[in-house]
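Student: If you scroll down you'll find the structure; I have some questions about it.
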């Protein structure tokens, strides 16, 4: 596993699935609430090419911090606008957490069918990485700082007056997010949550993850 190319390849399934389902979930929920914008822009698809941002993809492979193309929505088209905005924002994070659960189930099946851990070590590593990266994507995006989904959830829950006070500093808050990630502050806060989720998956499937 010292070959950098192999290390890169084992990350591909988890990242591609994670980004694709995250953005597809945003678009699907928006569409179900009456907004055709994601459909018109070709985002109601599980084709990864529709959702990948090349710079964001490279960043997450090498810096563990990246992004996909954001799904555009028009809240004025929503039925039950407040509820729709909240659920659209949550959808991507929920999709990632569900993917982590499914990948953990796949790992369980590999053990159940006694798939050779040495002969298929890359498969095991790839599935394990898919579990962790999807937990990271799901939980990290819940942080209430722009441009993450958590900020949209927060803005949907506070008063319009408070929203307009905060949104004036959106650019500063985005810089703050980058600083908190680079300095390791956010990873230090998120990692214990990831570990707790891994423990829950261990209990669910009776497998060893950490």
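None of the figures in this text is laboratory data; all of them are computed from the coordinates on show. The structure presented is a predicted model; accordingly, all values stated were derived computationally and were not measured. Because the Cβ atoms are built from the backbone with ideal geometry, glycine has one as well, and the counts that use them run over all protein chains shown.
Student: What's the ranking of 47-54, 76-83, 92-99 by average number of surrounding C-beta atoms within 10 Å, highest first? Could you put the intermediate results ahead of the total?
Tutor: On the way: 47-54: 15.2, 76-83: 12.6, 92-99: 21.4.
Highest mean packing first, the order is 92-99, 47-54, 76-83.
Student: State the extension gain, in nm to one decimal, for the chain segment bounded by residue 169 and residue 37, taking 0.36 nm per residue of separation less the distance between their alpha-carbons.
Tutor: Working: separation 132, 0.36 × 132 = 47.52 nm, distance 2.73 nm.
Additional length available on full extension: 44.8 nm.
Student: For a quick check: sort 41, 23 by the number of other beta carbons within 10 angstrom, fewest at the front. All intermediate terms of the calculation are to be shown ahead of the outcome.
Tutor: Details: 41 14, 23 27.
In order of increasing Cβ crowding within 10 Å: 41, 23.
Student: Right, next: In nm, what is the difference between 0.36 nm times the number of residues separating residue 176 and residue 69 and their Cα-Cα distance? Provide the component values of the computation, followed by the final result.
Tutor: Details: separation 107, 0.36 × 107 = 38.52 nm, distance 2.12 nm.
Full extension of this stretch gives 36.4 nm more.
Student: How would 120, 21, 140 line up from fewest to most surrounding beta-carbon atoms within 10 angstrom? Walk me through the numbers before you get to the answer.
Tutor: Values: 120 13, 21 24, 140 21.
Ascending Cβ contact count within 10 Å gives the list 120, 140, 21.
Student: A further question on this structure: How much space per residue, in cubic angstrom, does the convex hull of the C-alpha atoms of segment 68-113 take up? Each step should come with its number before you reach the end.
Tutor: Working: hull volume 4.0 nm³, N = 46.
That works out to 88 Å³ per residue.
Student: Right, here's the next one. Which residues does a label at residue 80 reach in segment 133-161, if reach means a backbone N under 19 Å from a point 7 Å past the Cα toward the Cβ?
Tutor: Backbone N within reach: 153-154, 156-158.
Student: If you don't mind, there's one more thing I want to ask. Compute the helix-to-body angle for 121-140: its Cα long axis versus the longest principal axis of the chain, expressed 0 to 90° and rounded to tens.
Tutor: On a 0 to 90 degree scale, this one is about 20.
Student: For the chain, what does the alpha-carbon gyration tensor say about shape, rounded, prolate or oblate, given a ≥ b ≥ c as the root eigenvalues, a/c under 1.5 as rounded, and a/b over b/c as prolate? Could the numbers behind the result be given before it?
Tutor: On the way: a/c = 1.86, a/b = 1.61, b/c = 1.16.
Cα axes put the chain in the prolate bin.
Student: Oh, and also: Send over the semi-axes of segment 116-192's equivalent ellipsoid, whole angstrom and largest first, taken as the square roots of 5 times the C-alpha gyration tensor eigenvalues.
Tutor: Working: eigenvalues 248, 37, 14 Å².
Calculated on Cα positions only, the semi-axes equal 35, 14, 8 Å.
Student: Now, a different point. For segment 28-117, what is the largest minus smallest coordinate of the Cα atoms on each principal axis, given in angstrom and ordered from greatest to least?
Tutor: 53, 29, 20
Student: Something else now. Pairing the Cα long axis of helix 185-205 with the longest principal axis of the chain, what angle in degrees results, from 0 to 90 and rounded to the nearest 10?
Tutor: 60
Student: Taking the alpha-carbon centroid of each part, what is the distance from segment 13-51 to segment 142-186 in angstrom?
Tutor: Here the answer is 23 Å between Cα centres.
Student: OK, next. With the crude spin-label approximation of a point 7 Å out along Cα→Cβ, what separation in nm comes out for residue 115 versus residue 3?
Tutor: 1.9
Student: Just from its helices, what would the mean residue ellipticity at 222 nm be for the chain, if runs of 4 or more DSSP H residues each count -39500 (n - 2.57) and the sum is divided by every residue, rounded to the nearest 500 deg cm²/dmol?
Tutor: On the way: 9 runs with 146 residues, N = 210.
When only DSSP H runs of four or more count, the value is -23000 deg cm²/dmol.
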